[in-house]
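Colleague: What follows is a single structure, and I will ask about it in a moment.
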Amino acid sequence: MMYRLYREQHLRCNIETAWKFFSSPHNLSEITPENMSFVVLSDIKDESIFEGMEIDYTVSPVLGIPMKWKTIISQVEEGKSFTDFQKKGPYKHWNHFHEFIPDENGILMKDTVDYELPFGVLGRIAHRLFVKEKLRSIFDFRYRVLNDLFNQEHN
């Protein structure tokens, strides 16, 4: 069964600042809860994402058990959107579309994640018991961190 998580957040910055931050795989660990032990393994310097880019991570989403995760950047429209697609990892399907829409106050950022768990009925039970809430809590954490980074007045 396919699930969808959708979030949007307004950021007080210009498109160049938003794009630079979100298109760097290294910033993912900054917006992921520490207890997930999220580490980028790929040797990526400060290069911008591109279609076909593969990124390897380790993450510990459940009980501190580390898992390998490989995503591929499957779509990039510079300064507007990009998609990361799970090539290998804990999900049967994971497709995360990131969209950035400039407006008079900054950027409206939209996240649409379509995902499916493995293991049929057991996956659906796991989703109901903890996966859905875990994903919500990760994106709630991201919201708070991004709000602190982009929307706080700095004196």
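Colleague: Sort out for me the strands (runs of 3 or more DSSP E) sitting completely within the range 1-92 that have 2 or more residues that are under 17 Å from T112 (Cα atoms) and in contact with a strand residue (DSSP E or B) (Cβ under 7 Å, 6 or more places away or on another chain).
Modeller: Strands (runs of 3 or more DSSP E) meeting the threshold: 2-11, 67-77, 81-88.
Colleague: State whether the residues of the range 34-43 include one that is open to solvent by 50 Å² or more (accessible area, probe 1.4 Å) and of a type in the set (G, A, S).
Modeller: Scanning the range 34-43 turns up at least one residue that is open to solvent by 50 Å² or more (accessible area, probe 1.4 Å) and of a type in the set (G, A, S).
Colleague: Now a separate question. Take H98 and decide whether it is assigned to a helix (DSSP H, G or I) and within 26 Å of N147 (Cβ to Cβ).
Modeller: No, not satisfied.
Colleague: Same structure again: Which members of the range 87-119 meet the condition of being among the aliphatic types (A, V, I, L, M) and more than 14 Å from the chain's Cα centre (by Cα)?
Modeller: I101, I107, L108, L117
Colleague: Every residue in the range 115-133 that is within 30 Å of R12 (Cβ to Cβ) and surrounded by 16 or more Cβ atoms within 10 Å (Cβ to Cβ), please.
Modeller: Y115
The values are calculated or read from the model by the stated rules, or taken from the named source; none is laboratory data. Owing to the predicted nature of the structure, the values given are computational and were not obtained by experimental measurement. Note that each Cβ is placed from the backbone with ideal geometry, even for glycine, and that neighbours are counted across all protein chains shown. Accessible surface areas use protein heavy atoms only, side chains included; no ligands, DNA or RNA. Shrake-Rupley method; radii C 1.70, N 1.55, O 1.52, S 1.80 Å.
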